[in-house]
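This report concerns only the one structure given below.
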2 protein chains.
Amino acid sequence: MAPQDNGRECLLGIDAGGTKIATAAVSTRGEILEQSELQTPAHDGDKMVKTFRELVANETSRCRGKGLDIKAVGIAAAGYISRKDGVLIESPNIAWRMVPLKMIAEEASGLPSFLDNDANGAAAGERFAGIAKGVDDFVYITLGTGVGGGVYTDGNLLRGNRGVAGELGHIIIDPNGPLCGCGRRGCLEALASGTAMGRKGAELAKDNPDTILLEMAGGDPDMITGKLVTAAAEQGDETALRTIKTWSTYLAEGIVDFIHIFDPKIVVLGGGVSESGHLFIDQVRDSVIELGIRVLVEGIPILLSKLRNEAGVIGAAALAWEGISKDH
Amino acid sequence: MAPQDNGRECLLGIDAGGTKIATAAVSTRGEILEQSELQTPAHDGDKMVKTFRELVANETSRCRGKGLDIKAVGIAAAGYISRKDGVLIESPNIAWRMVPLKMIAEEASGLPSFLDNDANGAAAGERFAGIAKGVDDFVYITLGTGVGGGVYTDGNLLRGNRGVAGELGHIIIDPNGPLCGCGRRGCLEALASGTAMGRKGAELAKDNPDTILLEMAGGDPDMITGKLVTAAAEQGDETALRTIKTWSTYLAEGIVDFIHIFDPKIVVLGGGVSESGHLFIDQVRDSVIELGIRVLVEGIPILLSKLRNEAGVIGAAALAWEGISKDH
């Protein structure tokens, strides 16, 4: 049974990233009531654990002091996670190995706590308080340094047998494509991440020395990033616009595969790159119709997340809400 | 609540294919108790409906006459299906359009009836009485004229928002690959179906005139089918073996994508081509390890279905069993 929302009941969401830990007390309606942020000693695993433990204890009592009735703690962390065990197995950016974050949070807060990876958290956040509110079947794709995602089917987050399902960034889009961080070629991540946008921009800039992209990158094409590409595109730069067009087509190919596989009601694009979504969303939508099986892809809205910076903590709070709604 | 298995309780499974309708009374333990088969006037939609109605009525009373207690009817049919409405919307091989098969079966039998597409039925059959018995998370891929599939996540068949999820044959494996029946290039179906195996065999045979494949095809490479390729490979023909090796790699690429997306406990290969599975299963397993992200693909068994000819009716019976187990 889901607890009732009496206006003061809330969830503590903790977004444990590579450089900071953000927390928020979030109402059961998805509004942020309290927020805090802490820089983290990401290179020192032991210190990180201590920092995390204190943060949970402090934020819990601080929120209680303000009259908030925290029902549960949700933790979204980057990395491989065993949700069942509540353990962060390994993180790409933090010196954490095999850390029982769920148990630590439960001890520090005295509350039921729930741990999942950041992409699943973000998907949960979209369903809790974002553009997928109340939608039972949707695919969420996060576009940032890499490409990740989370999938809801019939109201449940797809987790798989070991809890590592939803590696949406690592389907192959083009076997002859660029090398991916995973060691393979042409993964969606290698073609449709922010990093990939920068790489494509650099490639095109080499043949188009008049692009403002080069100027923005101090003359060195290898310094061109996804952010620079979107900034140049905002100014109407031809090379940047062409970069985004190609990039959008790759993204659309991935979306088509996911629609064919999952038959979602909507597709949601989140992550840092989605904040420049106005530059590519029309192209992505057109390409999905063009590249997909018409009867399957037509009429499936492809939408941009609106949660922005708050996606992390709201997603973490959503994990807590789902946890107590389903487990108790 | 699932009904109790008292030894005589059973399900009537109906496999409505393009050239025949097969039926079987299947025990709740998955054993076939009674069977029948009927050639169908596939080109005459109205006659098909009449035939179907009579068949359901006759088989129901015949089984009752033998003391079998049929609890429900399951229908697996090739084509686009609206499961919720119980309607076959369109079938590729039968002149059926918008046929309310569920309602017809319920009227003819007086029993709760359940309709789904054949690939979902086959997946359900594997979980009911096949190699995926009791497995909550698995991917089932059917390899025949085309490539289809069904996916179980957390014990539930993935259906999606409109019920058309699981189009596993239509993810793009190689954007420069051969044309697919769906009008696009390089779908898994265009590279890893039985048809694709024949096409690849024809391609290689043209450069290898000493292959027995040519002889078997009456000298015309365009008459080479998947069946001929497996038959030639059984005899150790080099060209046929090479064909199967390439084909296996494409199949493995699809399997890798599905493992990355779904994190299944096992992957099951079914359909006609899987009956020659001993010719390619080792290659497929090796390629999955080689092509996938090691930590994700390692230790996931890739298994061949053992249901063979009976997969259709057992799958249909499984749909009936799932229907009454979940809905009542």
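Rule-based calculations on the coordinates, nothing more; no lab input. These numbers were taken from a predicted model, which means no experiment stands behind them. We place every Cβ from the backbone using ideal geometry, glycine too, and count neighbours over all the protein chains shown.
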Lysine pair number, Cα distance threshold 16 Å (strictly under), the stretch B:1-158, separation 8 or more or different chains: 5
Exposure proxy order (Cβ contacts within 10 Å, fewest to most) of B:Ser305, A:Ser325: A:Ser325, B:Ser305
Relative contact order (%) - the stretch B:138-306, alpha-carbon pairs under 8 angstrom, separation at least six: 23
Antiparallel bridges, percent of DSSP beta bridges restricted to the protein assembly as shown (to nearest 5): 60
In nm, spacing of pseudo-spin labels at B:Asp210 and A:Ser61 (7 Å Cα→C-beta vector): 8.5
Inter-centroid distance (Cα atoms) of the stretch B:132-172 relative to the stretch B:189-255, Å: 26
Shortest-first distances to equivalent copies, position B:Glu298, nm, label 7 Å out along Cβ: 4.7
Residues A:Tyr140, B:Tyr80 arranged by fewest to most Cβ contacts within 10 Å: B:Tyr80, A:Tyr140
Percent of beta bridges antiparallel (DSSP, the stretch B:138-306, rounded to nearest 5): 55
Label distances, nm, B:Lys206 versus same residue in remaining copies, Cβ-directed 7 Å point: 3.4
Point-to-point label distance, B:Glu107-B:Thr19, nm (Cα→Cβ direction, 7 Å offset): 3.1
Förster radius 56 Å - calculated FRET efficiency between A:Arg29 and B:Leu38 (Cβ-Cβ, nearest 0.05): 0.45
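Give, as a single signed number, the net charge of other residues whose beta carbon lies under 12 Å from the beta carbon of A:Asp46, with Lys and Arg counted +1 and Asp and Glu -1.
Taking every Cβ under 12 Å from that of A:Asp46, the sum is +3.
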Estimated [θ] at 222 nm from DSSP helical runs (n ≥ 4, -39500 (n - 2.57)) normalised by residues in the protein assembly as shown, nearest 500: -12500 deg cm²/dmol
Backbone N under 17 Å from the A:Ile89 label point (7 Å along Cα→Cβ), restricted to the stretch B:285-328: B:289, B:292-301
Nearest-first distances (nm) between copies at A:Pro178, label 7 Å from Cα via Cβ: 3.2
Full-stretch length increase - B:Arg97, B:Ile289 - with 0.36 nm per residue and alpha-carbon distance subtracted: 64.8 nm
Under 23 Å from the Cα of B:Lys200 - lysines, other chains or at least 8 residues apart: B:Lys227, B:Lys245
Ellipsoid semi-axes in whole angstrom, largest first, where each is sqrt(5λ) of the Cα gyration tensor of chain A: 35, 22, 18
Fewest-first ranking of B:Met98, A:Met216, A:Met197, A:Met223, using other Cβ atoms within 10 Å as the exposure measure: B:Met98, A:Met223, A:Met216, A:Met197
Of all DSSP beta bridges in chain B, antiparallel share, percent nearest 5: 60
